Amino acid sequence: MDVDGPKPKGKPVVLWIGTNTCAGDLLSFLNNSNPDYHAWVNEYVDFRYDYLIGAAEGPRNVEILESALTDMPGQYILIVEGTVPVGSKELCSVIGIRNGEPWTAFQAVRELGAKAEYIIAAGTCAAFGGPYAADPNPSDSLPLQAVLRERTIINVPGCPINPEWMMGTINHLIMYGVPELDGLNRPKLFYGQTIHDQCQRRVHYENSVFAQRLGEPWCMYKLGCKGPTTYADCPSRQWNSEHLNWPVKANTPCIGCTSPEFPDGDMPFFEHLPDVKLPGIKMRANQVGKWAGLFTAIGIGRHLAANILTGRLAGNYKRDLVNLRRKKIFKKGFRGKGK
Ligand code: SF4
Ligand code: F3S
C-alpha cells in the first residue's frame, strides 16, 4: 500500500480513526463476509489508515494522516469510531504525536473532518455518545456531530455495528453517494424499521404469550425487550457473517443498542416497559413506537416520548434529562451543511 502521494485512480481512499472506543466496531467490521475484508481492501478501496490493524506505527501513522490532509482534500472518506473528549479532558484521547505534541482526537477530527468528502460515525459512541459518554461521562466525551456541527455526519450506530451496516454504507457512498437518511442521519436501508416490526416472536406478542424467564421461546416484552422503540434490521439481516443469529433469537431481549439514548436511557436493560396508561389512550408496544416516532418528529426525544406514553417519566426523570442535554448539544449538527 503506497501511503504517500495523490489518490490512486479508481480506488477510493478510506481513513478509519479510533478515538475513545473499545474497538468493537472495527473488530466487528473485519468479520464482514460479502465482500470479506481481504477482498475489500485488496480490490475495492485504498484503506490507507486504520488505527487498529494497520501496518504503520507511531510517527508513520501520523504521516499518513497528514498526507491525506495535504494531498487529497475532499477526496477521502473519514470514519471515526468513538467519542471525542473536549475542553480540559481533550488529552483523554490522543491519536499520535505531531511536532512533539499530542495530536488530540478533538484536533484530528476537526482537521480531518473539515477536508473529508464524506464522514461516517461508526458505532453508537461516535454517533450518539453511547457508553463512552454515559453518565457521569468522566472524559467529557461528545459524539462526532457535536464537534463537527458544520458537516453532515452519517451515523451508523450499534454496539457494536453489524459489519454489513458499515460495509453497505461505505459502498453506497462510493457507488451512489449519500444513502437516504432518517431524522438521526442513519441510513434508512438498515435503520428504517423497528426491531419489533420485523421480530420472529411478534406473533407471540400479538397473542399475548410472553416469556416470564430468559430462555423461554416467547415474546420478551415483559423481560424488558426494547425492540418496540429500537430501529435496526437485526431480525432480518442477523449477525455472525452468514446471517445466523441475533439477540432475540439467542434468547436475550433487545437492549436498544442503536438508539441515541443507549445505554443510560435504556437501563435497566431487563426491566419491563409498563403497560400504557394515559387518560383516553390505550396503547400496545408497537403503537408506543409509532407515537414515539410522531413525538420525535415534533421535537420530543423518542425515548422520552416512549416514557411519557408508558408512564415511566417520573422514575426516569434524571436519565431523560441527561439524554436531552446530550441531544441538545449536537442537535444543530443534524441539519448541518456539508455533503
Ligand atoms: Fe420481539 Fe421484543 Fe417485540 Fe417481543 S417485544 S415481539 S421479543 S421485538
Ligand atoms: Fe442491538 Fe437490539 Fe440489534 S440490542 S444488536 S439493536 S436486536
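The values are calculated or read from the model by the stated rules, or taken from the named source; none is laboratory data. Since this is a predicted model, take the numbers as computed values, not measurements. All Cβ positions, glycine included, derive from the backbone under ideal geometry; neighbour counts span all protein chains shown. These area figures cover heavy atoms from the full protein model, side chains too; ligands, DNA and RNA do not enter into them. Shrake-Rupley method; radii C 1.70, N 1.55, O 1.52, S 1.80 Å.
Side notes on the structure shown:
- Computed about the Cα centre, the dipole magnitude for segment 13-190 is approximately 280 debye when only Lys and Arg (+1) and Asp and Glu (-1) carry charge, each at its Cβ.
- When each of LYS188/LYS226; LYS11/LYS115; LYS89/LYS226 is checked by Cα-Cα distance, pairs over 22 Å: LYS89/LYS226
- Karplus 3J(HN,Hα) series, Hz, for segment 134-149 with 6.51 cos²θ - 1.76 cosθ + 1.60 (x for Gly, Pro): 5, 3, x, 6, x, 9, 6, 7, 10, x, 4, 4, 6, 9, 9, 5
- Near TRP103, the amide H atoms lying under 5 Å from its own belong to ILE95, GLY96, ILE97, ARG98; only residues 5 or more places off or on other chains count, and H is placed 1.01 Å from N.
- Solvent exposure of segment 13-190 amounts to 36 Å² per residue of accessible area, where only protein heavy atoms count and the probe is 1.4 Å.
- Carbon-plus-sulfur accessible fraction, segment 88-144 (probe radius 1.4 Å, protein heavy atoms only): 52%.
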